[in-house]
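Taking it in order: structure first as structure tokens, then the write-up.
The values are calculated or read from the model by the stated rules, or taken from the named source; none is laboratory data. Only a predicted model underlies this, so the values are computations on that prediction, with no experimental measurement involved. Glycine gets a Cβ as well: all are built from the backbone with ideal geometry, and neighbour counts include every protein chain shown.
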Ligand SMILES: Cc1cc2nc3c(=O)[nH]c(=O)nc-3n(C[C@H](O)[C@H](O)[C@H](O)COP(=O)(O)OP(=O)(O)OC[C@H]3O[C@@H](n4cnc5c(N)ncnc54)[C@H](O)[C@@H]3O)c2cc1C
């Protein structure tokens, strides 16, 4: 019997496997997709996520991010991170780096999907593998969360995300968030000749139609080669709890608010680390409290911004208010670190 079976080889799952191995536990990852795995994502890693990658011994190539800039027509607000920078990075590069580090440490990554989960007093079995513990890192629509009856109904206000890359030299080292009454566009430089543009909205329509709401941005991107569009959602996913017997939920599988503050990767790494720390200490139930502590500030900040952006009229007040109150905006950006 192995120590830790990990369902899902995204950032949270690979981080869980790497931390397990570093803690002397044998880990196996079950992942249905072949490396390098791509995903709809804004691809901005907050400074705490960069520190999380460093703690895993992961080196990944991308573009340094200095801070966050909000833009709405002529209104602007920007704030730099205090101290270490963030990282704009293609998901394929992030996955490659995590995957190689895991394999280098001897983690076994097997193709497959985790479906039914069976537990006894001392073990858990899924995908034909028996382990002492299962860490579920199978993403936003976690089959493990659903199968264990841990799913809580989502909200009426559903948001979705779409992203595309443009072959153009980045014009900024900030993550630029362009606001409209019906959603936001997130511009992240990810390579010397590539920027990612993710749109988040409640309105379901095509990517180009969303982008039409941001004329300054479309003007910059005109003529640039564009990649295919990838989507994800609904974004809000809630779990009743994060620990169910010998199963611990991490990353998006543990519950997700929204991509508005770009913290999913950093939180995925942090919650994976916390889950393994609790397992290695023989105190699995303590993970629930650790998760709540790690995600509290994010849930509060993202929830507040989401509430303000719900109505077009209040959404249009966000950037002017932020530009009139630089200390408040700076404090909010630094709270994301
Ligand atoms: C539009 C958009 C923009 C975003 N922008 C940002 C951003 O700028 N910065 C940021 O930090 N975060 C951002 N996020 C959030 C971020 O993408 C996620 O929080 C992050 O990918 C979570 O990692 P994870 O490993 O938990 O899940 P995932 O990355 O989704 O990985 C889950 C893995 O599990 C696998 N899997 C699925 N089902 C099963 C199964 N049954 N058995 C086994 N494996 C399974 C999948 O193939 C996948 O590889 C954004 C999200 C969206 C949708």
Selection status of residue 49, in contact with a helix residue (DSSP H, G or I) (Cβ under 7 Å, 6 or more places away or on another chain) and under 26 Å from residue 21 (Cα atoms): yes
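Look through 321, 308, 315, 332 and report the one residue that is in contact with a helix residue (DSSP H, G or I) (Cβ under 6 Å, 6 or more places away or on another chain), closer than 25 Å to residue 47 by Cβ and in a helix (DSSP H, G or I).
None of the other options fit; the residue is 308.
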For residue 150, state whether it is farther than 21 Å from residue 243 by Cα and in contact with a strand residue (DSSP E or B) (Cβ under 9 Å, 6 or more places away or on another chain). no
Just one listed residue, out of 181, 154, 139, is surrounded by fewer than 18 Cβ atoms within 10 Å (Cβ to Cβ) and touching a helix residue (DSSP H, G or I) at 6+ places or on another chain (Cβ under 6 Å), and it is 181
Flagged pairs (Cβ under 6 angstrom, 6 or more apart or on separate chains; first in the range 18-31, in a loop (DSSP other than H, G, I, E, B); second at pLDDT 95 or above) are 23/276; 23/280; 25/3; 25/4; 26/2; 26/3
Return the residues of the range 159-175 that are within 12 Å of the ligand (Cβ to nearest atom) and under 19 Å from residue 219 (Cβ atoms); say none if nothing qualifies. 164
When the residues of the range 87-127 are filtered to those that are away from the ligand (no atom under 12 Å from the Cβ) and assigned to a strand (DSSP E or B), which remaining residue is surrounded by the fewest Cβ atoms within 10 Å (Cβ to Cβ)? 118
Of all residues in the range 49-59, count the ones that are surrounded by 20 or more Cβ atoms within 10 Å (Cβ to Cβ) and more than 10 Å from the ligand (Cβ to nearest atom). 5
Restricting the search to the range 128-151, which residues are part of a strand (DSSP E or B) and within 23 Å of the chain's Cα centre (by Cα)? 134, 135, 136, 151
Can you tell which of 12, 35, 16, 27 is touching a helix residue (DSSP H, G or I) at 6+ places or on another chain (Cβ under 7 Å), over 19 Å from residue 197 (Cα atoms) and within 6 Å of the ligand (Cβ to nearest atom)? 12
Report, by residue number, each residue of the range 38-86 that is assigned to a loop (DSSP other than H, G, I, E, B) and under 14 Å from the mean Cα position of the chain (by Cα). 38, 39, 40, 41, 42, 43, 46
Taking the range 31-48 only, how many residues are more than 11 Å from residue 102 (Cβ to Cβ) and surrounded by fewer than 24 Cβ atoms within 10 Å (Cβ to Cβ)? 10
